[in-house]
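Below you'll find the structure, written out as structure tokens, and then a few comments.
The values are calculated or read from the model by the stated rules, or taken from the named source; none is laboratory data. All figures in this text were calculated on a predicted structure; none of them were measured in a lab. FYI the Cβ positions are ideal-geometry reconstructions off the backbone, even for glycines, and counts take in every protein chain you see.
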Amino acid sequence: MGDTLAAKILKAHLIEGHYAPGEAITIRIDQTLTQDSTGTMAYLQLEAMEPGQVKTECSVAYVDHNTLQTGFENADDHAFIKSVAARHGIIFQKPGGGICHQLHLEQYGAPGKTLLGSDSHTPTCGGLGMIAIGAGGLDVAVAMAQGRYDMTAPKVLGVELCGTLRPWVSAKDVILKVLQKLTVKGGVGKIVEYYGPGVASLSLTDRATIANMGAELGATTTVFPSDENTRIYLAQQGREGDYLPLAADENAVYDETLRVDLSVLEPLAAKPHSPDNVEQVQAIGPIKIDQSCIGSCTNSAYTDLMKAATILKGRRVHPDVSLVISPGSATILSLLAENGALKDLIDAGARIIECACGPCIGMGQSPKSGAVSLRTFNRNFKGRSGTNDAEVYLVSPETAAVSAITGILTDGQTEGAALGITLPEIAAPERFYLNESFRILPPVIESGEALPPMEMGPNIKPFPRGHAIEDNVTAEVILVAGDNITTDDIMPSDSRLLPYRSNIPRLADYCFEKVDADFAARAKATQAGPLGGGTIIGGDNYGQGSSREHAALVPLYLGVRFVLAKSFARIHRANLINSGILPLVFDDPADYTKINQGDALLIEDAKKQIRNELIMIKDTRTGVSHAFINSLNEIEKKMILAGGKINMIRQEA
């Protein structure tokens, strides 16, 4: 029985534990990345550990989320991150240089390495043959300070690709098909590994698109083999020396398998409001559109934007449509300017915006009320665009571009010829130049030399810390939520609130505002009341979406003691534990309907029960005790007992 590629890389990085699905392991982390939306908090946590120089081979701090500077807050955060990077040996990427995942793919990612990032789309670099995992900021801070990451070894889901894609069908359609088959919960507890003859037909950036949206499956990460296409891409970036051929053993055995025939795929779209609500573009029909956005970390590579430019050349964007282009990096934008494609886009009527996340996170370019917006992005959760009643569809760059011309959702495969549009093969340049204008390398600090000072603006507040668990834990049910609650639902992220990502007290007033506008006030009243804190009841896949640990830190600040759900998304579950909030799963899902908002819950002998596989919680209103599955491993139990990861680390130190 041979090894999967995922198993090979994880075993090569194993520090502690036995590698087998479901086992607690500790792996060595080679690289980390942060972005400014989660980075400020991650670096506050790093400073709390007093780490000296980082213990990784390469750590990079990107600024790509909060680049809309309408006040001092974002610029202050950028200055803080820059100062911490200089203190601890971290590369700093200035705003304007590009989106973290596209830049890391271009400049730092390497086959066979491990990467931990404080962004859920860190798996983008799995397209390079890396084990690239999204995590909460505290986990990334620990990886920088100690060079390690504790995790549960996932199963490996093998996706066999055969055939080749037809014109007007792209990598975006591949991952949408996988999402249609597996749903947003289909990858939980798994690494998705692609293999088979169809892989060779996909470029490196095609693979990155697919790996990027593996996050929407709930997967730990996605990984592709490293082959000739990988070598070509690294050579284009001037980094051929980083190439290493990697693949699964021929007799590798996967825990689960799925087969996708690329040659039969058609243009697809994810309809509102979930990435797995997928249907053929032709079947959806020619609905009128108001906006088309091409870019984000999913589809902002050179070939993606060149496809759009080719379709738009010599044509005009429909008068009722706003077309927005957000390039993935300054290098890509420069190439488009050099080869004339940027002129073609502008002449067609496209709006070119900064190389940043932008509209993907509601940071500008929000559509009008009730608009239909086509986006090549990765998420279409309700309200994420910044317009709560907008209808957002996720599509490929080809579909987004041709639809911008026609003004309706258009299947280029069936309509392209009638429009006089043919899609030539897009060839990437033999060599991309390295744009170093946005990169600041850290100074060399000799042993015993004083670290450069931190620069902290008035908007940066201390992060909340959990407390050691008591013998008896009481809490009032302050919210009963449904299935697939996202971290956007828990802690909204848009242009109003992103400037306050380093100010937990300010953010607390907006917690769950889109689900229940009274939540924050009720949580504060409960925290000040006799029970001393609250609890949240969730359905399936609670906490899906972004890696933002603010969705755990803000509830912690508001006094949430534990969260009870039918199931949890991986990163959010880890963030709750890191913060000292106990996540438990209903042993009998039917009990979900038996606990109501306002009920008072009691965990008796909590310190003792934390050692059990089942934890009993009594509803003092009904007098009934309900059983909850306790899936904490030994390290996680220590964290909960200590009141969070930082507390545990300080105790052990």
Query raised in the report: Could you give every pair whose Cβ atoms fall below 7 Å, whose first residue belongs to segment 235-264 and is among the charged types (D, E, K, R), and whose second residue is assigned to a loop (DSSP other than H, G, I, E, B) and surrounded by 13 or more Cβ atoms within 10 Å (Cβ to Cβ), counting only separations of at least 6 or pairs across chains?
Result: Asp242/Ala110; Asp249/Asp3; Asp255/Pro21; Asp261/Gly163
Query - From Pro429, Pro453, residue being more than 27 Å from the chain's Cα centre (by Cα), exposed (fewer than 13 other Cβ atoms within 10 Å of the Cβ) and either of a type in the set (Lys, Arg) or under 30 Å from Gln53 (Cα atoms) (or both) - result: Pro453
**Report entry** Complete set of residues in segment 609-648 that are in contact (Cβ under 8 Å) with a residue 24 or more places away in the chain and either polar (S, T, N, Q) or assigned by TED's automatic domain parsing to the domain that holds Val140 (or both)
**Finding:** Thr622, Asn630, Ser631, Asn633, Asn647
**Report entry** Tally, over segment 391-429, of residues that are outside any loop (DSSP other than H, G, I, E, B), of a type in the set (A, V, I, L, M) and touching a Phe, Trp or Tyr at 6+ places or on another chain (Cβ under 7 Å)
**Finding:** 1
Requested in this report: Give segment 352-386 a look and list any residue that's touching a residue at least 24 places away in the same chain (Cβ under 8 Å), of a type in the set (S, T, N, Q) and assigned to a loop (DSSP other than H, G, I, E, B), or say none.
Outcome: Gln365, Ser366, Thr376, Asn378, Asn380, Ser385
Report task. Restricting attention to strands (runs of 3 or more DSSP E) lying wholly within segment 21-127, give those where 2 or more residues are out of contact with any strand residue (DSSP E or B) (no Cβ under 7 Å at 6 or more places or on another chain), farther than 30 Å from Lys638 by Cβ and not assigned by TED's automatic domain parsing to the domain that holds Glu228. Result -> none
Query - Residue check for Val156: closer than 30 Å to Ile635 by Cα and in a strand (DSSP E or B) - result: yes
Query - Which numbered condition Leu632 misses (of (1) in a loop (DSSP other than H, G, I, E, B); (2) surrounded by fewer than 14 Cβ atoms within 10 Å (Cβ to Cβ)) - result: (2)
Report summary line: Of the candidates Ala427, Ala481, the one satisfying the condition of being under 30 Å from Gly412 (Cβ atoms) and either free of Cβ contacts under 8 Å to residues at least 40 places away in the same chain or assigned by TED's automatic domain parsing to the domain that holds Val554 (or both) is Ala427
Query raised in the report: Can you name the residue in segment 156-191 that is of a type in the set (Lys, Arg) and under 16 Å from Pro123 (Cα atoms) and, of all such residues, is surrounded by the most Cβ atoms within 10 Å (Cβ to Cβ)?
Result: Lys172
